[in-house]
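What follows is a short report on a single structure.
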Amino acid sequence: MNKASLWGHCDAILAATSLPKQILRKLLPDAIDFTSQNYTSGDDHPVIYMFNEQVIHIFFSFFKVKYKEMIPLIPFVHFKDNPSVNYQTSPILYVDSLLIVFGGQVMWHLNKVIGKFMGTSEIQHFSKMKYLSHKVFRENIEAITMTTTPTGEVGTIDDFPYCKQLSELWHTRAIINNETTFWTARYEVIDKSVQGAAVNIQVKNIEGLPSQTLDIPPIQENILGGFQLTFDWKLWWPKKYQPIQKKENTELLEELSS
């Protein structure tokens, strides 16, 4: 197995919900479509709001960066020319590190933008808190607010049946695109600890997403629920996606010329 290009540790608050496909479709390029899934009705599709505190290593163990991140993650998507392979994608990523934004845009083809994060405490201390509140700004405009309260005890993902089932949403490869060219990246997650969380989210100003207030129950009560997740992860260098038809034509030409 080749060594991952990036790896790290993350403390996160995740809040799973859904939105109408007609809204989310505007965030997806024409070449990408929704994969069938059993979490929502036919007109809706899952979305996961992730508030992350990352410790990341880039190529070398000694090169370490800490940063905060907010992602609206759209799982269960596929390329129209190959619907058998499932991916996750993030239309925008708010990050509080200029280095990570630059590297994400230039080297990884990710739509990372600089954000300002204001919060009551670090997510790693969530189990000891009465509540946690985070606000994310972009260019002094408030994009999203999250307030959450821990519920129940900390456990492993096996202690939370809904969370274990839901985990397939973030245990998939990622589609990365820069509008005209698509890339895919191998992404591996090792779940560490889980705690249920009641989460209130106010989406205020995120391009492509409706302004709305969401009250998301803890994961113990609903599969589209909220929870605190601690996990380790690895990400491999992205590869340019080659459509099936183009790939077949290339292989045919190589065969004819040999």
**Request:** Within the stretch 162-245, report the trypsin sites (Lys or Arg not before Pro) that DSSP leaves as loop and that have at most 13 other Cβ atoms within 10 Å.
**Result:** none
**Charged-residue dipole, Cβ positions (Lys, Arg, Asp, Glu), the stretch 117-201 about Cα centre, Debye nearest 20** = 120
**Asked** Extension gain Ala31-Thr181, at 0.36 nm per residue separation less the Cα-Cα distance, in nm?
**Response** 53.0 nm
**Prompt:** Mind listing which GluC sites (Glu not before Pro) in the stretch 179-211 are in a DSSP loop and have 15 or fewer other Cβ atoms within 10 Å?
**Reply:** Glu179, Glu207
**Request:** Determine the calculated [θ] at 222 nm for the chain from helices alone, applying -39500 (n - 2.57) to every DSSP H run no shorter than 4 residues and normalising by the residue count; nearest 500 deg cm²/dmol.
**Result:** -3500 deg cm²/dmol
**Prompt:** So, in nm, how far is label Ser167 from label Val65 when the simple model puts each one 7 Å beyond its Cα toward the Cβ?
**Reply:** 2.8
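Evaluate E = 1/(1 + (r/R0)^6) for Lys3 and Val154, where r is the Cβ-Cβ distance and R0 equals 30 Å; express this FRET efficiency to the nearest 0.05.
0.45
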**Normalised convex hull volume, the stretch 6-257, alpha-carbon set, Å³ per residue** = 137
**Message:** Just to be sure I understand the model, the point goes 7 Å from the Cα along the line to the Cβ. What's the resulting Lys239 to Glu221 distance in nm?
**Reply:** 4.4
**Message:** Let's see if you can work this out: charge +1 on each Lys and Arg Cβ, -1 on each Asp and Glu Cβ, no other charges. What is the dipole magnitude of the stretch 6-257 about its Cα centre, in debye to the nearest 20?
**Reply:** 580
**Prompt:** Working out 0.36 nm times the residue gap between Ser121 and Asn82, then minus their Cα-Cα distance, what length gain in nm do you get to one decimal?
**Reply:** 9.7 nm
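Taking 25 Å as R0, compute the FRET efficiency from the Cβ-Cβ separation of Asp43 and Lys128 and round it to 0.05.
Between Asp43 and Lys128 the formula returns 0.05.
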**Message:** With unit charges on the beta carbons (Lys and Arg positive, Asp and Glu negative) and the dipole taken about the Cα centre of the stretch 6-257, which residue among Ile176, Ala197, Ile100 sits farthest to the positive side?
**Reply:** Ile100
**Request:** Could you run the Karplus curve 6.51 cos²θ - 1.76 cosθ + 1.60 with θ = phi - 60° over the stretch 62-73 and give me ³J(HN,Hα) per residue in whole Hz, x for Gly and Pro?
**Result:** 6, 8, 10, 10, 10, 7, 9, 8, 10, 10, x, 9
**Request:** At 7 Å along the Cα-to-beta-carbon direction for both Thr147 and Gln212, put a label point, then send me their distance in nm to one decimal.
**Result:** 2.0
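No lab work stands behind these numbers, since they all come straight from the coordinates. Here the structure is a predicted model, which is why all the values come from computation and not from measurement. Every residue, glycine among them, receives a Cβ derived from its backbone with ideal geometry; neighbour counts consider all protein chains shown.
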